[in-house]
Amino acid sequence: MTDLTTASMIAMQGVNKWFGDFQVLTDINLTVRAGEKIVLCGPSGSGKSTLIRCINHLEPYQKGQIIVDGTRLVENAGVIDAIRREVGMVFQQFNLFPHLTVLENCVLAPMRSRGVSRAQAEATARRLLDRVKILNQAGKFPAQLSGGQQQRVAIARALCMEPKVMLFDEPTSALDPEMVKEVLDTMVGLAEDGMTMICVTHEMGFARQVADRVIFMASGAIVEEGPPQEFFRNPSHERTRKFLGEIL
Ligand code: ADP
Ligand code: MG
């Protein structure tokens, strides 16, 4: 029999987290297979960002365990670095380095933390910037780009580390409406190429198109999950119905 823990790309088992006295995550159990695409949704403040930030240890957790590609996430700098190299993250606010050009944003981490040569890092960066259709902006600084372009750079930058998993935290929420599609199209392409993804988003068209499972969180717990067809057609919990009624 296959060991579920090692066969999965991400396994969160009984994860609990507190901010002081406030319990932000309660008994989170989530297993993500290699190549699986998860859309995570739920009301503001329900713990979505905190959940995905735990996976690459941007937040510590106090109880339970998280296993990424067979490695148990423990409080050890070497282990945390190793997991962060496998897990790319894209944020709502892009978080590009403002003082570096697009190309330099992309080569920095591979050179520093993967020990890749400049020539090789630049070749990879150019290939991935081309893939997100922004290679012609490689010499510009972030402030010279639109929000949609900056977010595509952020995706390319994360891909330059050759991650096995990509985490997206509301990547289109800060964008003007006309730029949402170019970023979602980039994410759809990544999904079609087989990337393992957890996407926090309220873009339900995207969820229908690419998600294997949609997960709904409320008050720090997973309330309901299912394939998009079922999830949208027949949500079983009142909180899910209320949420979908508000966003759809
Ligand atoms: P979501 O991404 O679903 O909007 P978050 O994970 O950002 O939710 O936040 C979940 C809850 O935890 C919220 O009530 C928020 O105020 C609280 N929270 C988030 N970060 C911190 C922090 N660093 N310290 C204390 N409380 C926090
Ligand atoms: Mg959030």
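Just so you know, all these numbers are worked out from the coordinates, no wet-lab data involved. Small disclaimer: the values here were computed from a predicted structure and weren't measured. Every residue, glycine as well, gets a Cβ built from its backbone with ideal geometry; the counts of neighbours run over all protein chains shown.
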| query | Dipole of the chain, Cα-centred, from +1 at each Lys and Arg C-beta and -1 at each Asp and Glu C-beta, to the nearest 20 debye? | reply | 420
| query | When the chain is fully extended, how far beyond the present Cα-Cα distance does ASN76 get from GLU246, taking 0.36 nm per residue of separation? | reply | 57.0 nm
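Please work out the Cα convex hull volume for the chain and give it in Å³ per residue.
Roughly 139 Å³ of hull volume per residue.
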| remark: Dividing the alpha-carbon radius of gyration of the range 172-245 by 2.2 N^0.38 Å, where N counts its residues, gives 1.16
| Looking at the chain, what % of its DSSP beta bridges pair antiparallel, to the nearest 5? | 55
| message | What does the charge count around THR196 come to, taking other residues whose C-beta lies under 15 Å from its C-beta (Lys +1, Arg +1, Asp -1, Glu -1)? | response | -2
| field | Shape box of the range 137-202 [Cα atoms, principal axes, largest first, Å] | value | 31, 27, 17
| remark: With -39,500 (n - 2.57) per DSSP H segment of 4 or more residues and division by the full residue count of the chain, the 222 nm estimate, nearest 500 deg cm²/dmol, is -12000 deg cm²/dmol
| Binned Cα-Cα distance frequencies in the range 1-142 - 10 Å width, integer % | 10, 32, 31, 22, 5, 0
| task | For the range 30-47, take each phi angle, set θ = phi - 60°, evaluate the Karplus expression 6.51 cos²θ - 1.76 cosθ + 1.60, and give the result in whole Hz per residue in order, putting x for glycine and proline. | result | 8, 10, 10, 6, 4, x, 7, 10, 10, 10, 10, 9, x, x, 4, x, 7, x
| task | Relative to the compact-globule scaling 2.2 N^0.38 Å, provide the ratio for the alpha-carbon radius of gyration of the range 86-177. | result | 0.99
| field | Cα-Cα over 32 Å, subset of LYS37/LYS133; LYS37/LYS242; LYS17/LYS140; LYS164/LYS242 | value | LYS17/LYS140; LYS164/LYS242
| query | Tell me, how many Å apart are the Cα centres for the range 209-225 and for the range 103-149? | reply | 33
| request: Could you calculate the FRET efficiency of GLU59 with ARG112 from 1/(1 + (r/R0)^6), where r is the beta carbon distance between them and R0 is 30 Å, rounded to 0.05? | output: 0.85
